[in-house]
Amino acid sequence: MRERAVSGHPDSPGRTPGATLPSVTEREDTAKESTEARPAPSGPGDDTAASLGDYRATFYAARVAMAVLNRDGLVLAANPAFGELVGTDPAELVAATAADLTDLGADPRGWTAYREVLCGRSDRMRCTRRLKHPEGHSVWVEVTVEPLTPEPLSGEERMLLSVADISDRHDLLARLRHLQMHDPVTRLPNRALFFERLAAALETASFAPSGTGRIGLCYLDLDGFKAVNDTLGHRVGDRLLSAVAQRLTRCAEAAEDRGPGRGGYLVARLGGDEFALLVEDSTGTDQLAELAQSVLDALQRPFDLAGQRLSVSASIGVVERTATGTTATGLMQAADTTLYWAKEDGKARWTLFDPERNAHRMTRQALSSTLRPAVDRGEFTLEYQPLVGLGDGRAQGVEALVRWRHPQFGTLSPNRFIALAEENGAIVELGRWVLERACYQARAWQLAHPGEPLFVSVNVAVRQVWDSDLVADVAGILAETGLPPELLQLELTESAVMGSAGRPLQALQALSDMGVRIAIDDFGTGYSNLAYLSRLPVSVLKLDGSFVRGFRSQEHPNPADEMIVEALVALAHRLGLTVTAECVESAEQAERLRRIGCDTGQGWLYSRPVAPDRVEALLDAGRHTGA
Ligand code: C2E
Ligand code: MG
Ligand code: MG
């Protein structure tokens, strides 16, 4: 390697005698030689010695901080701008480690990229660094390291390190980012920043836990904020939001003071009247509950805004869990559900996330959304439970009870899904299917045992009477199956029948006129008036199971229940209604019911609800249920 001293070089100010030759000088010779060997490169290679001096002068005069390095990353020459940047005479920088001067080792990625350039495996590296200026302030710089081309023939490569001050651009970007990430009304971090911080917090807590490895969130929604906006205008609404934000911030600060080191708090406005308080490195639900309560307390004091005294309350969903396995979406969903519970439970409160309540909600949702397709896929079946004459113990009819053979949850009882089907309207289709299936079945039994036919009793939901043409459906199904109308009984609840006027009443009348029997199911659980019922086209009362359950055993009789049932039965008979008792479980109950005068009974004493082939067996055995 040829190195020449350049001490006293007119274009090298501040040069110390004996200092190493800056690579530009090396480059000078190399370039000259390379012109003969290679096609003319752009750059100083084919220039004259005079203009090379100009290049050198440019290096020293440049406002951009520059240094020439050898392959070991040691400074061979630095320009005054570089010296100014690091607060040292550039001559003294010779042989200094460039990476230390520009903090290149600050992150592993930048360091690797830098090493790659030094050993010739990469053409350039660029990174941003924050350096401490000799005057004390910090400067943001963009550091670039690249080989000086063309290569010297000696093979001893030189690198150019240049450092551009990008503080202005950085400040501008930071200000833009601040605007982008903050809500102008409350000046709080907005949704975007909240999610960024949440993701970062989850990552740190699960992958590099230095704290508790937990995370907590209070998700808050003001109660009745819309009314403030609607009646007092958006300006007052905005002022209220901003005042609420201040109180939330104070709550977070107070919490931080109460337990320093218990993790950082972030208050954000997620939109509208929704706020979030994120607690990093939380210590457990107690900490979050305390925070939520302090927020409710803080909001209790009225707000004085532009001469208006306003009171608001808030509902808060509180979630606290370990960060590992928690996703931002999962946490927000849990918080959202919990907030909904807080509202549902009466507002102005905080509610803690409850996994069981959540599982229940999820199943309800899962069931509700798959009800309709399940009808089409034929996932429902019917079981039948005998209705037995109390006098002779013979089955007179059967009640059809639906079951859902759910592919995931197994066989589900109607209590799990009938209410859902009523809520979402799927009951109309499901009810029609039940009616059709039950009528086909009853007709098949009638044909197989023509002597004394068995009637079928089908449950009908209120919505089927309101939302579908029940009369047309029944007429159509009877015609299609050939089942005589007397062999069909429809069970409606008291609430469906009571106060029915107009369409439902007309429907009941039309069905009754057709010859179909109407029964009131679960009688006694509502508030119906027997006298009124008798004026409706109803012919059967099914006494709710709670009456029979009230008949205590022989040792502990409950005469009151028995007297009530006795009176009810007598009254019903006088009004021309027959009475069926539900939930008959013991022979003793059956005997008392018989004595009281009850007509039929249904219950485990006779049979549980069973598959149709078991009913077939019952018919073959002469209808005696074996009880
Ligand atoms: P429900 O109409 O009052 O039916 C009687 C319920 O009592 C049945 O429950 C039956 O299994 C049960 N049970 C019968 N005997 C006894 C007994 O001795 N002891 C006790 N503890 N329980 C007895 P299931 O099958 O779970 O049906 C529950 C309810 O679901 C029914 O009450 C009915 O309101 C509704 N439901 C069933 N199938 C349908 C349907 O196809 N459509 C509509 N809309 N509702 C239905
Ligand atoms: Mg029923
Ligand atoms: Mg019932």
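The values are calculated or read from the model by the stated rules, or taken from the named source; none is laboratory data. Just so it is clear, the model here is predicted, and its values are computed rather than measured. Heads up, the Cβs are rebuilt from the backbone with ideal geometry, glycines too, and the neighbour counts pull from every protein chain shown.
Descriptive notes on the structure:
Results for (1) of a type in the set (Asp, Glu); (2) touching a residue at least 24 places away in the same chain (Cβ under 8 Å), shown as yes or no for each residue.
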site	(1), (2)
GLU274	yes, yes
VAL295	no, yes
LEU305	no, yes
SER311	no, no
MET332	no, yes
ARG349	no, yes
PRO373	no, no
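- Considering only residues in the range 566-615 that are in a helix (DSSP H, G or I), more than 16 Å from ligand 1 (Cβ to nearest atom) and hydrophobic (A, V, I, L, M, F, W, C), the one that is surrounded by the most Cβ atoms within 10 Å (Cβ to Cβ) turns out to be ALA572.
- When we screen ASP100, ASP107, ASP123, ASP89 for residues that are of a type outside the set (S, T, N, Q), closer than 11 Å to VAL145 by Cα, assigned by TED's automatic domain parsing to the domain that holds ARG71 and exposed (fewer than 15 other Cβ atoms within 10 Å of the Cβ), the only hit is ASP123.
- Of the helices (runs of 4 or more DSSP H) lying entirely inside the range 420-527, those containing at least 1 residues that are over 30 Å from VAL565 (Cα atoms) and within 13 Å of ligand 1 (Cβ to nearest atom) span 427-448, 462-467, 470-481.
- Across the range 196-208, the qualifying residues are those that are in contact with a helix residue (DSSP H, G or I) (Cβ under 9 Å, 6 or more places away or on another chain) and surrounded by fewer than 18 Cβ atoms within 10 Å (Cβ to Cβ), and the one among them that is farthest from ALA323 (Cα to Cα) is GLU196.
- Applying the criterion of being within 20 Å of VAL458 (Cα to Cα), outside any strand (DSSP E or B) and of a type in the set (Gly, Ala, Ser) to the residues of the range 375-414, the residue that is modelled with the highest pLDDT is GLY378.
- Some residue of the range 249-265 being out of contact with any helix residue (DSSP H, G or I) (no Cβ under 8 Å at 6 or more places or on another chain), of a type in the set (Ser, Thr, Tyr) and closer than 24 Å to PRO209 by Cα: no
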